[in-house]
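The values are calculated or read from the model by the stated rules, or taken from the named source; none is laboratory data. The shown structure was predicted, so the numbers you read here are calculated from the model rather than taken from an experiment. Backbone-built Cβ (ideal geometry, glycine too); neighbour counts: all protein chains shown.
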Amino acid sequence: MMKVLILPLAFWSLFLSGCASTSSTFYNKEAIAQINTWEVLFAYESGEVEQTISSQGQSTARVMKAGQPASDLQLRDDIFFHLKDKFNLPVTKEPSQAGGQIRLHAVHFGGGGFKSLDVSLYDKNNQLLARVRVKNGDRNATFKDDDDFAEYAGDAIAELLKAK
């Protein structure tokens with residue numbers, strides 16, 4: 001009888017250990033409730049820095065902006081419209097209209113797809129209000145493609161915004 005229970009439990013524990021998950025932290029729930037409109041943007045601008053040092057020891061630096069990968073741009077837009085359409089949350093692409101920011105930082109698997117998404121909520125004074133880390137599944141059966149991952153991340157962000 002015991003063997004009959006152990007085998008299915010072992011199987012499900014292996015399966016569940018690779019599932020997508022979220023982990024949230026609140027720093028100021030009250031301030032989140034006070035913000036009327038949110039801007040969805042990237043936490044970091046991608047780019048490259050090149051430094052040249054001459055034989056006289058003088059240094060010059062050249063900064064080149066590369067732009068965000070297409071998959072990250074699509075993720076941002078999918079999250080934006082998911083929050084707007086499904087949850088009717090006030091989001092904007094105009095910084096002047098926003099009272100707060102939803103900053104996204106996506107990490108990719110080496111073979112493609114999103115590994116995780118770090119989301120931070122900030123107010124106009126650049127104060128951190130909350131964070132959520134959205135992790136993708138790490139097994140074929142639990143891995144979310146880009147569309148499903150964007151929806152899953154949008155649901156996690158909406159949970160933060162609606163926790164009043």
> Hey, among 162, 144, 135, which residue is more than 19 Å from residue 45 (Cα to Cα), surrounded by fewer than 16 Cβ atoms within 10 Å (Cβ to Cβ) and of a type outside the set (A, V, I, L, M, F, W, C)?
Replying inline: 162
>> Name the residue that is nearest to residue 36 (Cα to Cα), counting only residues in segment 109-132 that are surrounded by 16 or more Cβ atoms within 10 Å (Cβ to Cβ) and among the aromatic types (Phe, Trp, Tyr).
In response: 122
>> All but one of (1) of a type outside the set (S, T, N, Q); (2) closer than 15 Å to residue 38 by Cβ; (3) surrounded by 15 or more Cβ atoms within 10 Å (Cβ to Cβ); (4) touching a residue at least 24 places away in the same chain (Cβ under 8 Å) hold for residue 106; state the number of the condition that does not hold.
In response: (2)
> Would a scan of segment 24-46 turn up a residue that is outside any loop (DSSP other than H, G, I, E, B), at pLDDT below 90 and under 22 Å from the mean Cα position of the chain (by Cα)?
Replying inline: no
>> Considering only segment 137-156, I want to know if a residue exists there that is of a type outside the set (Lys, Arg), in contact with a Lys or Arg (Cβ under 8 Å, 6 or more places away or on another chain), farther than 16 Å from residue 38 by Cα and modelled with pLDDT of 95 or more.
In response: yes
> Of all residues in segment 112-143, how many are touching a residue at least 60 places away in the same chain (Cβ under 8 Å) and touching a Phe, Trp or Tyr at 6+ places or on another chain (Cβ under 6 Å)?
Replying inline: 5
> Name the pairs whose Cβ atoms lie under 8 Å apart, with the first residue in segment 65-86 and surrounded by 12 or more Cβ atoms within 10 Å (Cβ to Cβ), the second part of a loop (DSSP other than H, G, I, E, B) and among the small types (Gly, Ala, Ser), and 6 or more positions between them or separate chains?
Replying inline: 68/46; 69/46
> Quick check, is residue 99 of a type outside the set (S, T, N, Q), at pLDDT 95 or above and touching a strand residue (DSSP E or B) at 6+ places or on another chain (Cβ under 9 Å)?
Replying inline: yes
> Quick one: is residue 16 surrounded by 10 or more Cβ atoms within 10 Å (Cβ to Cβ), of a type in the set (A, V, I, L, M, F, W, C), farther than 29 Å from residue 129 by Cα and modelled with pLDDT under 65?
Replying inline: yes
